[in-house]
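Report on the structure given below.
The values are calculated or read from the model by the stated rules, or taken from the named source; none is laboratory data. Being a predicted model, the structure only gives us computed values, none of them experimental. Here the Cβ positions follow ideal geometry from the backbone for every residue, glycine too, while neighbour counts run over all protein chains shown. Remember, those area values only see protein heavy atoms, side chains included, never the ligands or the DNA or RNA. Shrake-Rupley method; radii C 1.70, N 1.55, O 1.52, S 1.80 Å.
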Amino acid sequence: MSLIAMYTIFILFWLTMADIFGIDQRILAKVDTAFLTCFFTEIIVKTFASNFMFLFDAFNAFDATIVFISEILNIMGIIAKGLGVLR
């Protein structure tokens, strides 16, 4: 839960205040990638630990879909700040 709280603060800062402070978008994208990697790893571990039952819950399946799409876009080099809100 603390990781989610930190990510919430980060994404709100990135969407609202980063331009005001003039922070480089590449730095924020790297921080976002670190959070995304943590979320991606968590979903993979939970999925295998629960023998894929984790994905039968609608909310978990939606969360996993958003994280997987974000990871694919990240690999392709596309920065989608809006998906951070859904994560």
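This table checks each residue for (1) modelled with pLDDT of 90 or more; (2) in a helix (DSSP H, G or I); (3) more than 11 Å from the chain's Cα centre (by Cα).
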{"site": "36", "(1), (2), (3)": "yes, yes, no"}
{"site": "39", "(1), (2), (3)": "yes, yes, no"}
{"site": "45", "(1), (2), (3)": "yes, yes, yes"}
{"site": "61", "(1), (2), (3)": "yes, yes, yes"}
{"site": "78", "(1), (2), (3)": "no, no, yes"}
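I need a count of the residues in the range 26-51 that are out of contact with any Ser or Thr (no Cβ under 7 Å at 6 or more places or on another chain), under 14 Å from residue 74 (Cβ atoms) and open to solvent by less than 60 Å² (accessible area, probe 1.4 Å).
Final tally of qualifying residues: 8.
Got a sec? Which of 20, 66, 79 is free of Cβ contacts under 8 Å to residues at least 24 places away in the same chain and open to solvent by 40 Å² or more (accessible area, probe 1.4 Å)?
20
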